[in-house]
Every structure is written in C-alpha cells, then in structure tokens.
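Chemist: Dropping a structure here in structure tokens format, bear with me for questions.
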Amino acid sequence: MQRRRLGTTGLIVSEICLGTMTFGSHADEAASLKILDKAFDSGVDFLDVAEIYPVPPKAEYAGQSEIIVGKWLKDRKRDSVVIATKVAGPGGGWFVPPVRDGRTSLDFHHIERAVEGSLKRLGTDYIDLYQTHWPDPELPIEVTLEGLERVIRAGKVRYVGASNETAYGLTKALLTAKTAGLPKYETIQNNFSLMNRRFEDELANVCRREKVSLIPYSPIGGGVLSGKYNGGRWPEPARFSTYRNDPVRGQTMSKRFINEKTLATSERAGRLAAELELSAVTFAVAWSLAHDFVASTIIGATRFDQLDDILRASEVKLSPEILARVDDISRDYLYPMG
C-alpha cells in the first residue's frame with residue numbers, strides 16, 4: 001500500500017481510504033468491524049466518517065458509524081490511524097440533516113457542537129482531518145474558518161478540509177484564509193470517477209496551483225462501474241435498487257447515477273478492464289489513483305469479500321495508452337451524470 005501526503009499537512013496516508021457511510025445501516029456492527037480489520041491489516045490507515053452517517057441519513061441512527069469506528073479504535077494505537085470526519089452543512093430543499101434537530105450551519109456554535117459529539121462517539125481526544133460536509137453559501141466563509149480555527153487552537157482538530165465544494169467556493173475560502181490568517185482547507189472531498197469527471201474542468205487546476213489534495217468519493221460510481229446494473233438489472237440488495245423506491249431524494253440520485261450514458265460508460269470501461277485481466281472495480285479505483293491531484297481514494301464496502309478487488313487497485317498502474325482509451329470513452333459519453 002503506497003502512501004501520499006494530504007495537501008501541505010504532516011499527514012501521510014494510505015492511497016486508499018476506507019469510507020464508513022454504510023456502517024450501522026447496510027453493514028451491521030459485526031460486519032463493519034470485520035471490514036475495518038481487513039482494511040487495516042492490508043495497509044489502509046485512513047478512515048473517513050461523518051456526524052450524519054450512516055446512510056440513508058436518519059435521526060434515529062445518525063452517528064452510529066462514528067460509534068462503530070470508536071469501538072474498533074479502542075484496540076488500536078491512536079497514532080496508527082488517521083481519522084477524518086465531517087460537520088453537516090445547512091439543510092435545504094429535500095434534505096434536512098438528521099442532527100441538531102435539522103438546524104445546522106457552519107458557524108462556530110455548530111462546529112464546536114459537532115466536534116464535541118464526534119470526539120465522544122469516536123472515543124478520541126483529537127480529529128486528524130475535519131471537513132465541512134457541504135457548503136453554507138449564505139454564511140460568510142470567514143465565520144466558518146474562524147469556527148474551525150477555534151477547534152484547532154483547542155487541540156481538538158489538526159487540519160481542515162472541504163467537501164462537495166465548487167471551484168469558486170474553494171478559491172474564495174483559500175483567499176480568505178490567506179488574507180485573514182485563518183486555517184486553510186488542505187483537502188477537498190468531491191465525487192470523482194470515470195463516470196463523473198467534472199472535477200477536472202476547474203477544481204483540478206485550483207488543487208494543483210494551491211496544493212490542495214482531492215480525496216475523491218464514489219470512485220466506483222456508487223457501484224455502477226462494477227457492472228452490476230448493466231443490462232437493465234436492479235440487483236438486491238444494492239443502493240440504487242433501494243433508492244429508486246424512495247421519495248424525491250432517492251429517485252433523483254438513482255436517475256443521476258443510473259441512466260443511458262452511465263451504463264454505457266460502465267460497459268465500455270468493463271470491457272477495457274477485462275482486456276487487462278482486472279475486475280471492473282479494480283480498474284475504476286486504479287483510474288482514480290492515476291491522477292496527480294488525488295491523495296487518497298475513498299472506497300466503501302458492506303461485505304468483507306468486497307475488499308479484495310478494491311485493495312488490489314493499489315498494485316495497479318495504468319499506462320498512458322489505457323488512460324487515453326478511457327478519455328475516448330469520456331468523449332463518447334460526455335458528462336454521464338449530468
């Protein structure tokens with residue numbers, strides 16, 4: 001397992017990060033602990049959590065993912081693992097965060113409340129990387145950065161990052177941090193896969209110039225790039241098989257991830273992977289790792305046996321020729337996820 005630096009921080013992490021958003025819902029505690037053990041024994045020392053996990057977000061079990069990670073962490077040396085977690089942004093439209101009675105924001109009150117809750121659930125006295133889960137565009141960015149500075153100065157957080165941010169939002173935050181002497185976002189966690197390459201339009205340039213690392217989530221396109229939805233299949237159990245029967249949010253996500261273009265992309269990428277004698281999953285994760293602005297790719301699992309193909313990606317280096325052939329697929333099916 002190779003390791004890479006996060007931004008300009010002192011954090012050197014495994015190039016594969018274990019996401020935990022299914023721990024406590026799709027994966028019960030026993031399965032989650034088994035997944036954590038195997039990933040750690042395979043060299044994964046970077047874990048990503050959030051105060052609202054697991055998904056789908058529900059008030060009755062928000063925070064369970066952190067609780068499970070905390071139980072697992074008790075049997076490990078704290079310094080052997082890099083823990084990233086997140087504070088919920090504001091609610092709006094069809095989504096109300098299942099924490100603090102849905103009255104969330106990214107001001108100092110909410111940041112401090114969220115940090116205290118995460119520390120308690122994780123059973124630790126510090127968080128290595130603390131991220132804003134999504135932006136709070138109506139709130140001046142300096143208010144958020146000042147709140148993050150307070151928890152850093154209190155010794156509860158080491159470094160900070162953003163998630164689901166735009167090129168403007170990241171650039172504005174970086175400029176404000178520099179001019180006001182506030183903490184800089186060292187990382188950004190956005191959706192990025194060979195099915196969704198929008199990050200390369202502008203954000204990749206910001207990351208390169210400002211030395212911010214991308215920690216991409218959904219490198220397998222929510223499981224679509226595994227090929228399990230190809231041919232019109234709706235496997236059970238599977239995330240989008242469940243989501244398509246949900247109210248507006250679930251149906252919207254299903255249509256975004258599963259449509260004519262995404263399935264065509266999955267089929268073409270799968271054939272290319274087969275030429276290389278790789279599984280479609282291994283290929284998709286390896287493609288994510290092939291980008292210079294990526295520090296560590298976030299993967300997820302609900303079963304112990306899903307890890308083998310994912311972890312194998314750390315041993316694969318795709319050639320320029322293969323990357324060019326992926327570019328051909330992307331040109332044929334431009335912006336599959338809209």
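The values are calculated or read from the model by the stated rules, or taken from the named source; none is laboratory data. Only a predicted model underlies this, so the values are computations on that prediction, with no experimental measurement involved. All Cβ positions, even for glycine, are placed from backbone atoms using ideal geometry, and neighbour counts span all protein chains on display.
Chemist: Considering (1) without any contact (Cβ under 8 Å) to a residue 60 or more places away in the chain; (2) surrounded by 14 or more Cβ atoms within 10 Å (Cβ to Cβ), say which one ARG76 fails and leave the rest.
Modeler: Single failed check for ARG76: (2).
Chemist: Determine if segment 33-45 includes at least one residue that is among the β-branched types (Val, Ile, Thr), modelled with pLDDT of 95 or more and not in a loop (DSSP other than H, G, I, E, B).
Modeler: Yes; the residues of segment 33-45 include at least one that is among the β-branched types (Val, Ile, Thr), modelled with pLDDT of 95 or more and not in a loop (DSSP other than H, G, I, E, B).
Chemist: Then there's this: Which pairs turn up if I take residues in segment 206-218 that are at positive phi and look for partners that are modelled with pLDDT under 95 and crowded, with 17+ Cβ neighbours inside 10 Å with beta carbon separation below 7 Å, at least 6 apart in sequence or on another chain?
Modeler: From segment 206-218, no pairs qualify.
Chemist: Here's a follow-up. All but one of (1) in contact with a Phe, Trp or Tyr (Cβ under 9 Å, 6 or more places away or on another chain); (2) within 25 Å of ASP101 (Cβ to Cβ); (3) charged (D, E, K, R) hold for GLU60; state the number of the condition that does not hold.
Modeler: All conditions pass for GLU60, except number (1).
Chemist: Out of all the residues in segment 98-110, is one or more more than 25 Å from GLU210 (Cα to Cα), at pLDDT 95 or above, of a type in the set (A, V, I, L, M, F, W, C) and not in a helix (DSSP H, G or I)?
Modeler: Yes; the residues of segment 98-110 include at least one that is more than 25 Å from GLU210 (Cα to Cα), at pLDDT 95 or above, of a type in the set (A, V, I, L, M, F, W, C) and not in a helix (DSSP H, G or I).
Chemist: Can you pull out the residues in segment 139-174 that are touching a helix residue (DSSP H, G or I) at 6+ places or on another chain (Cβ under 7 Å) and either modelled with pLDDT under 95 or within 18 Å of LEU129 (Cβ to Cβ) (or both)?
Modeler: Selection gives LEU145, GLY147, LEU148, ARG150, VAL151, LYS156, VAL157, VAL160, ALA162, LEU170, ALA173, LEU174.
Residue-by-condition table, conditions (1) in a helix (DSSP H, G or I); (2) over 30 Å from ASP125 (Cβ atoms); (3) polar (S, T, N, Q):
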{"position": "GLY169", "(1), (2), (3)": "yes, yes, no"}
{"position": "ALA177", "(1), (2), (3)": "yes, no, no"}
{"position": "PHE199", "(1), (2), (3)": "yes, yes, no"}
{"position": "ASN205", "(1), (2), (3)": "yes, yes, yes"}
{"position": "LYS228", "(1), (2), (3)": "no, yes, no"}
{"position": "THR242", "(1), (2), (3)": "yes, yes, yes"}
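Chemist: Output the qualifying pairs, or none if there are none: Cβ atoms under 9 angstrom, residues six or more apart or on different chains, first residue in segment 168-185 and more than 20 Å from GLY155 (Cα to Cα), second residue among the aromatic types (Phe, Trp, Tyr) and crowded, with 19+ Cβ neighbours inside 10 Å.
Modeler: What qualifies is LEU170/TYR185; ALA173/TYR185; LEU174/TYR185.
Chemist: Consider segment 142-166. How many of its residues are surrounded by 16 or more Cβ atoms within 10 Å (Cβ to Cβ) and of a type in the set (Gly, Ala, Ser)?
Modeler: Adding up the residues that qualify gives 4.
Chemist: Right, something else. Criterion first (farther than 25 Å from ARG249 by Cβ, of a type outside the set (Ser, Thr, Tyr), at pLDDT 95 or above and within 15 Å of the chain's Cα centre (by Cα)) does LEU73 satisfy it?
Modeler: no
Chemist: What is the residue count in segment 46-73 for residues that are assigned to a loop (DSSP other than H, G, I, E, B), out of contact with any helix residue (DSSP H, G or I) (no Cβ under 8 Å at 6 or more places or on another chain) and either surrounded by fewer than 16 Cβ atoms within 10 Å (Cβ to Cβ) or not small (Gly, Ala, Ser) (or both)?
Modeler: Going through segment 46-73 one residue at a time, the tally reaches 7.
Chemist: Something else about it: Could you tell me whether segment 215-232 includes any residue that is surrounded by fewer than 19 Cβ atoms within 10 Å (Cβ to Cβ), among the aromatic types (Phe, Trp, Tyr) and over 24 Å from ARG4 (Cα atoms)? Break it down stepwise before answering.
Modeler: From segment 215-232, those surrounded by fewer than 19 Cβ atoms within 10 Å (Cβ to Cβ) are 228, 230-232; that's our starting set.
Filter again for among the aromatic types (Phe, Trp, Tyr), leaving none.
Scanning segment 215-232, I find no residue that is surrounded by fewer than 19 Cβ atoms within 10 Å (Cβ to Cβ), among the aromatic types (Phe, Trp, Tyr) and over 24 Å from ARG4 (Cα atoms), so the answer is no.
Chemist: Checking ALA177 against (1) farther than 20 Å from THR297 by Cα; (2) at pLDDT below 95; (3) small (Gly, Ala, Ser): exactly one of these is not met. Which one?
Modeler: (2)
Chemist: Give the residue that is surrounded by the fewest Cβ atoms within 10 Å (Cβ to Cβ), with candidates limited to residues of segment 2-45 that are closer than 20 Å to ALA238 by Cα, in contact (Cβ under 8 Å) with a residue 60 or more places away in the chain and of a type in the set (Ser, Thr, Tyr).
Modeler: Looking at residues that are closer than 20 Å to ALA238 by Cα, in contact (Cβ under 8 Å) with a residue 60 or more places away in the chain and of a type in the set (Ser, Thr, Tyr), I get THR22.
Chemist: Which residue pairs have Cβ atoms closer than 6 Å, lie 6 or more positions apart in sequence or on different chains, and pair a first residue in segment 104-128 that is under 22 Å from LEU11 (Cα atoms) with a second residue that is among the polar types (S, T, N, Q) and surrounded by 16 or more Cβ atoms within 10 Å (Cβ to Cβ)?
Modeler: SER118/THR85; ILE127/THR85
Chemist: Just give me the residues in segment 1-26 being at pLDDT 95 or above, of a type in the set (Gly, Ala, Ser) and within 29 Å of TYR243 (Cβ to Cβ), in sequence order.
Modeler: Within segment 1-26, GLY19, GLY24 qualify.
Chemist: Among the listed residues TYR130, TYR53, TYR61, identify the single one that is within 21 Å of VAL212 (Cβ to Cβ) and among the aromatic types (Phe, Trp, Tyr).
Modeler: Result: TYR130 is the single residue among TYR130, TYR53, TYR61 that is within 21 Å of VAL212 (Cβ to Cβ) and among the aromatic types (Phe, Trp, Tyr).
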